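Chemist: Let me begin by handing over the structure; questions about it come next.
The values are calculated or read from the model by the stated rules, or taken from the named source; none is laboratory data. From a predicted model like this one, the values you see are computed outputs, not experimental measurements. Here the Cβ positions follow ideal geometry from the backbone for every residue, glycine too, while neighbour counts run over all protein chains shown. To get the accessible areas, we keep the full protein, side chains included, count just its heavy atoms, and leave off ligands, DNA and RNA. Shrake-Rupley method; radii C 1.70, N 1.55, O 1.52, S 1.80 Å.
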Amino acid sequence: MTQRIIGIMGALPEEITGVIELLKDKEEYRIGKRTYYKGTINDQQVVVVYSRIGKVAASATVSTLILKFNITELIFTGVAGGISNHLKIGDIVIGSELVQHDMDAYPLFPTFEIPLIGKSHFKSANDLIQQANESIQHIFDQNYLHHVISSDDLEQFHIHQPSLHIGLIASGDQFFRDQTQKDHLLELLPETLCVEMEGAAVAQVCYEFGIPFVIIRTISDEADQHSTIDFTRFTEKISNIYSIEIIKHIIK
Ligand code: SAH
């Protein structure tokens with residue numbers, strides 16, 4: 001049987017340095033201007049890395065995880081801008097489907113379709129969605145967050161009873177920062193829950209190599225005129241804690 005090796009990826013140090021601190025028997029590898037950390041979490045082999053921002057950086061990183069580190073599955077944990085009105089800062093989205101909102105080779109191919117693959121939407125693996133779901137329910141249960149994040153910080157972001165959403169994530173090389181961008185996206189992809197800049201690229205690479213994956217995103221901002229400020233404060237204070245708790249409870 002192939003040994004199970006889980007790749008754990010984020011885009012920013014603020015999404016992943018906490019997870020690196022969970023590693024036992026840590027080894028570091030420097031490849032292509034990124035540092036890959038190999039070790040174990042709860043006795044499970046993992047390789048942890050942050051890619052930096054955007055689809056190209058993310059694709060290069062996940063390819064390295066697959067080809068050099070032989071990962072057998074991938075978990076992405078990071079932050080995103082909320083698009084659906086139902087989402088609040090501090091909520092979590094599991095991307096059951098991922099689409100690249102900036103892919104448009106129309107009229108040669110339908111808008112959003114990845115040319116020559118014949119697909120626009122990539123699906124996270126059902127069993128990983130289920131594991132993520134259980135882990136996040138646990139974190140959102142019975143005030144658990146209050147044990148790991150100070151009341152002041154939770155209050156600052158109005159995080160009271162955060163909820164879990166499962167659905168479509170749209171990715172592209174754009175930071176969403178105003179209502180016009182949001183409205184335009186919602187017109188084209190009305191089911192979008194949140195936006196970010198890596199998930200669908202990671203999903204495409206995993207699909208092409210046959211690696212099961214799940215993309216998990218915490219809402220750091222509402223992808224509107226306040227997003228730069230909210231994003232910066234959230235990533236400074238909260239996002240590492242969410243990543244640590246999600247990963248600790250997923251990997252059993
Ligand atoms: N100004 C920031 C850049 C942020 S890019 C800086 O200097 O560091 C935002 C990162 O968080 C990306 O990795 C993306 O995946 C995610 N993200 C969070 N909110 C987002 C939003 N509103 N639009 C797009 N991506 C967002």
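Chemist: Would it be correct to say that residue 175 is open to solvent by 10 Å² or more (accessible area, probe 1.4 Å), within 13 Å of the ligand (Cβ to nearest atom) and out of contact with any Asp or Glu (no Cβ under 9 Å at 6 or more places or on another chain)?
Modeler: Working: open to solvent by 10 Å² or more (accessible area, probe 1.4 Å): yes; within 13 Å of the ligand (Cβ to nearest atom): yes; out of contact with any Asp or Glu (no Cβ under 9 Å at 6 or more places or on another chain): yes.
Yes.
Results for (1) within 13 Å of the ligand (Cβ to nearest atom); (2) closer than 19 Å to residue 47 by Cα; (3) under 14 Å from the mean Cα position of the chain (by Cα); (4) open to solvent by 10 Å² or more (accessible area, probe 1.4 Å), shown as yes or no for each residue.
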residue: 205; (1), (2), (3), (4): no, yes, no, yes
residue: 211; (1), (2), (3), (4): no, yes, no, yes
residue: 214; (1), (2), (3), (4): no, yes, yes, no
residue: 223; (1), (2), (3), (4): yes, no, no, no
residue: 238; (1), (2), (3), (4): yes, no, no, no
residue: 243; (1), (2), (3), (4): yes, yes, yes, no
residue: 251; (1), (2), (3), (4): no, yes, no, no
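Chemist: May I ask you to verify whether residue 219 is in a strand (DSSP E or B) and either away from the ligand (no atom under 16 Å from the Cβ) or farther than 18 Å from residue 89 by Cα (or both)? Steps first, answer last, please.
Modeler: On the way: in a strand (DSSP E or B): yes; either away from the ligand (no atom under 16 Å from the Cβ) or farther than 18 Å from residue 89 by Cα (or both): no.
So residue 219 does not fit the description; no.
Chemist: What are the residue pairs meeting all of these: first residue in the range 19-42, first residue basic (Lys, Arg), second residue open to solvent by 30 Å² or more (accessible area, probe 1.4 Å), Cβ atoms under 6 Å, and 6 or more apart or on different chains?
Modeler: 26/37; 38/27
Chemist: Identify the residue in the range 225-234 that is in contact (Cβ under 8 Å) with a residue 60 or more places away in the chain and open to solvent by 10 Å² or more (accessible area, probe 1.4 Å) and, among all such residues, is farthest from residue 83 (Cα to Cα).
Modeler: Step one: of the range 225-234, the residues in contact (Cβ under 8 Å) with a residue 60 or more places away in the chain are 227, 230-231, 233-234.
Now restrict to residues that are open to solvent by 10 Å² or more (accessible area, probe 1.4 Å): 230-231, 233.
Values: 230: 14, 231: 14, 233: 19 Å.
Ranking the qualifying residues of the range 225-234, first place goes to 233.
Chemist: If you go through the range 122-147 one residue at a time, how many are outside any loop (DSSP other than H, G, I, E, B) and either more than 28 Å from residue 98 (Cβ to Cβ) or among the charged types (D, E, K, R) (or both)? Give the derivation first.
Modeler: To start, the set of residues in the range 122-147 that are outside any loop (DSSP other than H, G, I, E, B) comprises 122-123, 126-140, 144-147.
Restricting the remaining residues to those that are either more than 28 Å from residue 98 (Cβ to Cβ) or among the charged types (D, E, K, R) (or both) gives 123, 127, 134, 146-147.
Adding up the residues that qualify gives 5.
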